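**Student:** Got a structure here, written out as structure tokens. Questions coming.
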Amino acid sequence: MKLLEDRIREQGQVRPGNVLKVDCFLNHQLDVDLLDAIGGEFHRLFAGQGINKILTIEASGIAIACMAARHFKVPVVFAKKAKSKNIDGEVYTSTVHSYTYGRDYDITLAKKFLGPADRVLILDDFLANGKAMRGLLDVCRQAGATVAGIGVCIEKGFQPGGAELRAEGYRVASLAIVDAMGDDGSLTFRRQED
Ligand code: 5GP
């Protein structure tokens, strides 16, 4: 998606540890017009798949999911990053390793919001090693929900998450794929084939 690539080139900042900061427009300060265009693009890519729910993870995925949901006209449900309180079996839980913070955390989702009748589009801001996505897929598996597709704004193509998910048969659409980040702050993008 050229609009997103252009913005990443203009305002993205390469940080040590292969971290790309996009907090000017995507995950701290939010450019709502850009997010609306992103939501429209996800709708163009996944329309007609019978999607009845969008699943994401707090906090950065929520705005993206909400803007996409306006195009799909379906609800958003987000996994919470909280200590598991699965005493009474009312929530699905999974453990995720955080790339940016370098530690594990639990995610939870109330069972009443996801079940076998759901065809889910999973959305997030970044796909790197795929750990956050694995947690969301695990929650879908526990719920018996069908994963109709995975959409991310920025895939870091030099990390294995996207390739692994595609090899497993998931349809993964990334609006911008960064193949390389140079020490000088330079970025190389790849266009997705499918
Ligand atoms: P993964 O679990 O695929 O390794 O990483 C995805 C999660 O880590 C995303 O939810 C995102 O919040 C965060 N993340 C991974 N890489 C980056 C990055 O380069 N920049 C930012 N801002 N977040 C990242």
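The values are calculated or read from the model by the stated rules, or taken from the named source; none is laboratory data. All figures in this text were calculated on a predicted structure; none of them were measured in a lab. Positions of Cβ are generated from backbone atoms using ideal geometry, with glycine treated the same way; all protein chains shown enter the neighbour counts. We work out accessible area using only protein heavy atoms, side chains counted, and drop any ligands, DNA or RNA first. Shrake-Rupley method; radii C 1.70, N 1.55, O 1.52, S 1.80 Å.
**Student:** Take the residues in the stretch 135-193 that are within 18 Å of the chain's Cα centre (by Cα) and acidic (Asp, Glu); name whichever of them is farthest from residue 48 (Cα to Cα).
**Tutor:** 179
**Student:** Does residue 134 fit the bill of being farther than 20 Å from residue 69 by Cβ, basic (Lys, Arg) and at pLDDT below 95?
**Tutor:** Taking the combined requirement at face value, the residue does not satisfy it.
**Student:** From the list 79, 63, which residue is within 13 Å of the ligand (Cβ to nearest atom) and outside any helix (DSSP H, G or I)?
**Tutor:** 79
**Student:** For residue 84, all conditions in the list (1) farther than 26 Å from residue 179 by Cα; (2) open to solvent by less than 20 Å² (accessible area, probe 1.4 Å); (3) at pLDDT below 95; (4) polar (S, T, N, Q) hold save one; what is the number of the exception?
**Tutor:** Evaluating residue 84 over (1) farther than 26 Å from residue 179 by Cα; (2) open to solvent by less than 20 Å² (accessible area, probe 1.4 Å); (3) at pLDDT below 95; (4) polar (S, T, N, Q) leaves (2) as the failure.
**Student:** Within the stretch 108-136, count every residue that is outside any strand (DSSP E or B) and open to solvent by 20 Å² or more (accessible area, probe 1.4 Å).
**Tutor:** 9
**Student:** Restricting attention to the stretch 89-107, report how many residues are in a strand (DSSP E or B) and either loosely packed, with under 12 Cβ neighbours inside 10 Å or within 16 Å of the ligand (Cβ to nearest atom) (or both).
**Tutor:** Looking only at that region, the number is 8.
**Student:** Against the definition (of a type in the set (Asp, Glu), farther than 20 Å from residue 133 by Cα and either open to solvent by less than 50 Å² (accessible area, probe 1.4 Å) or without any contact (Cβ under 8 Å) to a residue 60 or more places away in the chain (or both)), how does residue 58 come out, yes or no?
**Tutor:** When the stated conditions are applied, residue 58 does not pass them.
**Student:** Which numbered condition in (1) open to solvent by 60 Å² or more (accessible area, probe 1.4 Å); (2) at pLDDT 95 or above; (3) assigned to a loop (DSSP other than H, G, I, E, B) is the only one that residue 70 fails?
**Tutor:** (3)
**Student:** I would also like to ask the following. Residues in the stretch 10-47 that are at pLDDT below 95 and more than 10 Å from the ligand (Cβ to nearest atom): how many?
**Tutor:** So the count comes out to 1.
**Student:** Also, quick follow-up: Which residues, taken from the stretch 1-43, are in a loop (DSSP other than H, G, I, E, B), out of contact with any strand residue (DSSP E or B) (no Cβ under 8 Å at 6 or more places or on another chain), in contact (Cβ under 8 Å) with a residue 12 or more places away in the chain and within 17 Å of residue 178 (Cβ to Cβ)?
**Tutor:** Scanning the stretch 1-43 gives 24, 25.
**Student:** Of the residues in the stretch 135-163, how many are over 20 Å from residue 46 (Cβ atoms) and near the ligand (Cβ under 10 Å from one of its atoms)?
**Tutor:** Summing the residues that are over 20 Å from residue 46 (Cβ atoms) and near the ligand (Cβ under 10 Å from one of its atoms) in the stretch 135-163 gives 4.
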